[in-house]
Each structure stands twice: as structure tokens, then as C-alpha cells.
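Taking it in order: structure first as C-alpha cells, then the write-up.
Since every read-out is calculated from the coordinates, none of them should be taken as a lab result. The structure presented is a predicted model; accordingly, all values stated were derived computationally and were not measured. Here the Cβ positions follow ideal geometry from the backbone for every residue, glycine too, while neighbour counts run over all protein chains shown.
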Amino acid sequence: MEDMVLKVQCPNDSKQCIVAGGDIVESMVLLGDDEQNMQCLSCGFGSNNKMKSEEYDPKEFKDICKKIKDRWWAPSSFTTENYTVIPIVDETLKWKIVPLADTTTEVIVPTFADAFKMIEKMEKIIGESVQQS
């Protein structure tokens with residue numbers, strides 16, 4: 001069976017992303033796969049069906065993970081065709097953008113939303129330049 005991708009609302013009170021506390025509108029990407037993978041495109045936190053169990057222990061990012069409605073949410077990496085966004089903790093949570101073609105280059109931004117907007121714009125520019133060639 002092929003995976004299905006849906007955009008749904010972040011698990012919130014319909015006004016704010018519970019994890020990040022920011023305004024949201026249908027910002028959750030839900031993969032229709034066996035793992036029930038999902039990630040908020042506003043805050044960058046993700047979860048899956050393994051993070052629902054009572055035995056789940058958020059070892060990495062322990063102080064940053066959130067438990068919402070019996071499910072753990074953790075900062076999650078996000079990959080596009082040309083870039084990956086990786087969560088890092090250096091006193092506070094930040095996000096590192098790394099181009100897949102040059103992994104020695106990296107850009108650190110304060111929020112996942114900033115990183116997502118940047119790679120969305122860069123992917124569009126790359127796509128337009130490929131179409132013009």
C-alpha cells in the first residue's frame with residue numbers, strides 16, 4: 001500500500017499549536033502509513049504510534065518533549081528533495097538547515113517555521129532554475 005499524505009490541524013485547541021504556543025492553520029502533515037507519522041509544520045514537533053505507549057521514554061530532547069493527550073511530541077527532522085532540517089539543543093531548541101548536496105554548509109535558525117519557510121522558498125527557486133535550463 002502506498003503512503004498517503006494529509007494536511008490536518010496540529011493537536012490544539014483550534015487557536016494555537018499546543019506544542020509551540022503559536023497560531024496555526026492546518027499545519028500538521030499526517031502520513032497515512034503504519035507508523036502514523038505526523039509532524040507540525042509550524043512548530044516542527046512530530047509524533048507517531050510508538051510515542052503513544054506508556055513505556056515510551058523521550059531520552060533525547062527530554063526537557064523539550066511534550067506529552068499531549070497521552071502522546072509524546074518531540075522535535076523532529078524534516079527532509080525535502082534538497083535540504084534537511086534538524087533540531088538541535090544548545091541551551092534552547094534551534095533548527096539547523098543542511099543542504100543535501102553540501103553537508104558542510106549549515107544555517108541555524110530560531111524556529112522550525114523559519115527553517116520551513118526558507119527551504120520552501122529555496123526549493124521553489126531551485127525548481128524554477130531547473131525549468132529554465
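Gain in length, Asp34 to Ser77, computed as 0.36 nm per residue apart minus the alpha-carbon separation, to one decimal in nm?
Result for the pair: 13.6 nm of gain on full extension.
All Cα-Cα separations within region 77-133 were binned at 10 Å from zero, giving a P(r) of 24, 51, 20, 4, 0, each value a whole percent of the pairs. Placing a pseudo-label 7 Å from each Cα along the Cα-to-Cβ vector at Lys62 and Asp114 gives an inter-label distance of 2.8 nm. Highest mean first, the peptides 86-97, 34-45, 110-121 sorted by other C-beta atoms within 10 Å per residue fall in the order 34-45, 110-121, 86-97.
Summary of packing: across the peptides 99-109, 72-82, the per-residue average of other C-beta atoms within 10 Å ranks them, highest first, as 72-82, 99-109. Close amide H contacts of Gln36 (hydrogens built in the peptide plane, cut-off under 5 Å, sequence separation of 5 or more or a different chain): Asn49. Compared with the direct C-alpha span, the chain from Leu100 to Glu128 gains 8.2 nm at full extension, assuming 0.36 nm per residue. With Cβ to Cβ distances under 15 Å as the rule, what net charge do the other residues near Glu128 carry (K, R +1; D, E -1)? Neighbour charge sum, excluding Glu128 itself: -1. A Förster radius of 41 Å, combined with the Cβ-Cβ distance separating Lys52 from Lys121, puts the computed FRET efficiency at roughly 0.75.
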